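Trainee: Dropping the structure in here first, questions after.
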Amino acid sequence: MSSVDFFISGYPKSGTTALYHYLKDHPDVFLPDLKEPHFFSVDFPGARSVTSIIDYEKLYADATSNQLKGDASASVIHSSEAINHILEYAPQAKFIVLVREPVAAVRSFHCELLYNLNEDETDFETAWNLQSSREKGKKNPTNCKESALLQYATTFRYREQLPLFFQKLPEEQRLIFVFEEFFSDPRNAYLKVLDFLELKDDGRTDFPAVNMSKKLRFRSLASYHRQLVDSNIFFYRITKNMLSRLGIHPSHMLARLNLKKGYKQELSPQFYSELRKHFEPDIETVEQLLGHSIQAWRL
């Protein structure tokens, strides 16, 4: 089987899910239903949905010979090992990276981790201040599958990750977008993606917002459902299979009912200033690599 052709490789909460959906509709692209297998991010073992090369390649079993195969694991860019493993597997693979103003990105990422139960500290400032303790294995959430994701500063450490990304990949194999610029003119940005991947324009003009920040209405309900799914007890498995045959999917229904869209946690002015100061070197790094000031990040 031929290897994967391209990776939407990061960053979390920076538009990777939207681009995944846009490209998934392109007739000459195959992206698996499992958006983020995290197969190559071996330093994040708890995040990996697929752990063997056989199972990974099975994700692409339905791809046709004329389709480019893609992987949208947003951990690739902040994994210390993923890119090296990918280049061993697929030396000619292309990489698309989206970067977002880091304070907005990290705040949204905290919301995402709360929603998927990998985080249990609802106040972001408290969660940020817990990073040192959690790195030592203390105060990690019971349901967290990968504690490394709780290192918020490390996840969005543009100052180190992006220079390495540029060093490891020649220009023809990398494409980087600023989130705020991409979605200010998504049609033009999408055409640049297609040109980079050497794909024909499929005429797409609709670019809806995808994977907006969200919040659980009832965390206890989501936690109980997670335990039920993970236990995979016989009664649950049989009931789920019977309902699925009838076209009824309780998990999807529960997720929709327990969802509050557009949630955005407010930050105190002092904490916001602290974050801005922390991420200033990261902003400067992106601007230096791209060769221009990012006005949307300087407001």
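The values are calculated or read from the model by the stated rules, or taken from the named source; none is laboratory data. Predicted model, so just to flag it, every value in this text is computed and none were measured. Cβ atoms come from the backbone with ideal geometry, glycine included; neighbour counts cover every protein chain shown. Surface areas here come from the heavy atoms of the whole protein model, side chains and all, with no ligands, DNA or RNA. Shrake-Rupley method; radii C 1.70, N 1.55, O 1.52, S 1.80 Å.
Trainee: Residue by residue through region 19-33, which ³J(HN,Hα) values in whole Hz follow from phi under the Karplus form 6.51 cos²θ - 1.76 cosθ + 1.60 (θ = phi - 60°), with glycine and proline marked x?
Mentor: So the J values, rounded to whole Hz, are 5, 4, 5, 4, 6, 4, 7, 6, x, 9, 10, 10, 10, x, 4.
Trainee: Can you work out ³J(HN,Hα) from phi for every residue in region 109-114, in order, using Karplus 6.51 cos²θ - 1.76 cosθ + 1.60 and θ = phi - 60°, giving whole Hz and x for Gly and Pro?
Mentor: Result, ordered by residue: 5, 4, 4, 5, 5, 4 Hz.
Trainee: Now for a separate question. Hey, what did region 1-94 get for relative contact order, percent, Cα under 8 Å, at least 6 apart?
Mentor: With pairs under 8 Å counted, the relative contact order is 45 percent.
Trainee: Using a 1.4 Å probe and ignoring any ligands, DNA or RNA, find the accessible area of Arg100 and quote it in Å² to the nearest 10.
Mentor: 50 Å²
Trainee: Ok, one more. Hey, with R₀ at 35 Å, roughly what FRET efficiency would Arg298 and Glu88 work out to, going by the Cβ-Cβ distance, to 0.05?
Mentor: Calculated value: 0.35.
Trainee: With a cap of 16 neighbouring Cβ atoms within 10 Å, and only residues DSSP puts in a loop, list the GluC sites (Glu not before Pro) found in region 37-126.
Mentor: Glu81
Trainee: Further question on the same structure: Please give the length that would be gained between Glu198 and Asn116 if that part of the chain were fully extended, namely 0.36 nm times their separation in residues minus their C-alpha to C-alpha distance (nm, one decimal).
Mentor: 26.0 nm
Trainee: Please give the length that would be gained between Lys277 and Thr64 if that part of the chain were fully extended, namely 0.36 nm times their separation in residues minus their C-alpha to C-alpha distance (nm, one decimal).
Mentor: Here the answer is 71.8 nm.
Trainee: Report, by chain and number, residues whose modeled amide H sits under 5 Å from the one on Phe30, excluding near sequence neighbours (fewer than 5 apart, same chain).
Mentor: Those lying under 5 Å, H to H, from Phe30 are Leu68, Lys69, Gly70.
Trainee: For a distance above 20 Å, tell me the whole-number percent of Cα pairs in region 1-144 that qualify.
Mentor: When all Cα pairs of region 1-144 are counted, 51 percent exceed 20 Å.
Trainee: Can you list the residues, at least 5 places off or on another chain, whose amide H is less than 5 Å from the amide H of Phe7, using H built in the peptide plane?
Mentor: Those qualifying (amide H under 5 Å, at least 5 residues apart or on another chain) are Asp71, Lys94, Phe95, Ile96.
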